[in-house]
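Everything below concerns the one structure shown next.
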Amino acid sequence: EAGVVQSPRYKIIEKKQPVAFWCNPISGHNTLYWYLQNLGQGPELLIRYENEEAVDDSQLPKDRFSAERLKGVDSTLKIQPAELGDSAVYLCASSLEGGDTEAFFGQGTRLTVV
Amino acid sequence: GENVEQHPSTLSVQEGDSAVIKCTYSDSASNYFPWYKQELGKRPQLIIDIRSNVGEKKDQRIAVTLNKTAKHFSLHITETQPEDSAVYFCAASTHNNDMRFGAGTRLTVKP
């Protein structure tokens, strides 16, 4: 069984440019998370989906970040425009259902904004 | 929302010694407490988890203890090996709430 797949693995963009990340969760997993991880820090939640519904987006900077999960499967996270401080690893994770089941992480997308 | 604190931030032990990492959580409703290991440049992977109806769980050299009254839980690694060197994260959550992570502990096992 394939794990959580994210693309791209690496992205370098100039500030003020848009960028998008894609995540394909494990088949059958209803819960999907986007986390941001700075170097040497723990994952910080950006948004959580249950199926296609965003049940917690309180940590998502909505002035520049947006996310969607079409048909409750794949998800995209977008930043427009990117700022230097957005440089980080963006992790997608999925779990069977709810916050109290094992979350499986993707490899992450390392974003560098120059 | 849930707030998870983790200590220490770095830990260095000699091979064969034990390592203990501690976490506290704020939401008394939290009932699921996983521990993840992240090697350099890799994704976090679950190594052990515990639910609030259990006080202790063990898997070979790894054990986790939970004190619901004090709202803290700990990871214990015995007979440490160089391959245990990594960053370890604790987390806490409920079914309806997000999984929140601690800041991580960088464990170094010296051969």
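The values are calculated or read from the model by the stated rules, or taken from the named source; none is laboratory data. Being a predicted model, the structure only gives us computed values, none of them experimental. Positions of Cβ are generated from backbone atoms using ideal geometry, with glycine treated the same way; all protein chains shown enter the neighbour counts. To get the accessible areas, we keep the full protein, side chains included, count just its heavy atoms, and leave off ligands, DNA and RNA. Shrake-Rupley method; radii C 1.70, N 1.55, O 1.52, S 1.80 Å.
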Considering only residues that are over 15 Å from B:Ser74 (Cα atoms) and in a loop (DSSP other than H, G, I, E, B), which ones fall in the stretch B:31-47?
B:Glu39, B:Leu40, B:Gly41, B:Lys42, B:Arg43, B:Pro44
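Out of the stretch A:48-69, which residues are in a strand (DSSP E or B) and in contact with a Lys or Arg (Cβ under 9 Å, 6 or more places away or on another chain)? Explain how you work it out, then say what you get.
Residues of the stretch A:48-69 in a strand (DSSP E or B): A:48-50, A:53-56, A:65-68.
Within the stretch A:48-69, A:Tyr49, A:Glu53, A:Ala54, A:Val55, A:Asp56, A:Phe65, A:Ser66, A:Ala67, A:Glu68 meet the criteria.
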Residue match in the stretch B:31-40 (condition: crowded, with 19+ Cβ neighbours inside 10 Å, polar (S, T, N, Q), touching a Pro at 6+ places or on another chain (Cβ under 8 Å) and under 23 Å from A:Pro43 (Cβ atoms))
yes
Any chance the stretch B:81-90 includes a residue that's among the hydrophobic types (A, V, I, L, M, F, W, C) and either without any contact (Cβ under 8 Å) to a residue 12 or more places away in the chain or farther than 22 Å from A:Gln37 by Cα (or both)?
no
Hey, B:Gln45 hits all of (1) under 16 Å from A:Glu102 (Cβ atoms); (2) open to solvent by less than 60 Å² (accessible area, probe 1.4 Å); (3) not small (Gly, Ala, Ser) but one; which does it fall short on?
(2)
Positions within the stretch A:25-69 being open to solvent by 60 Å² or more (accessible area, probe 1.4 Å) and either more than 9 Å from chain B (Cβ to nearest Cβ) or in contact with a Pro (Cβ under 9 Å, 6 or more places away or on another chain) (or both), in sequence order
A:Ser27, A:Leu39, A:Asn51, A:Glu52, A:Glu53, A:Lys62, A:Asp63, A:Glu68
Among the residues that make up the stretch B:7-17, is at least one of them open to solvent by less than 70 Å² (accessible area, probe 1.4 Å), at the interface with another protein chain (Cβ under 8 Å from one of its Cβ atoms) and more than 10 Å from the chain's Cα centre (by Cα)?
no
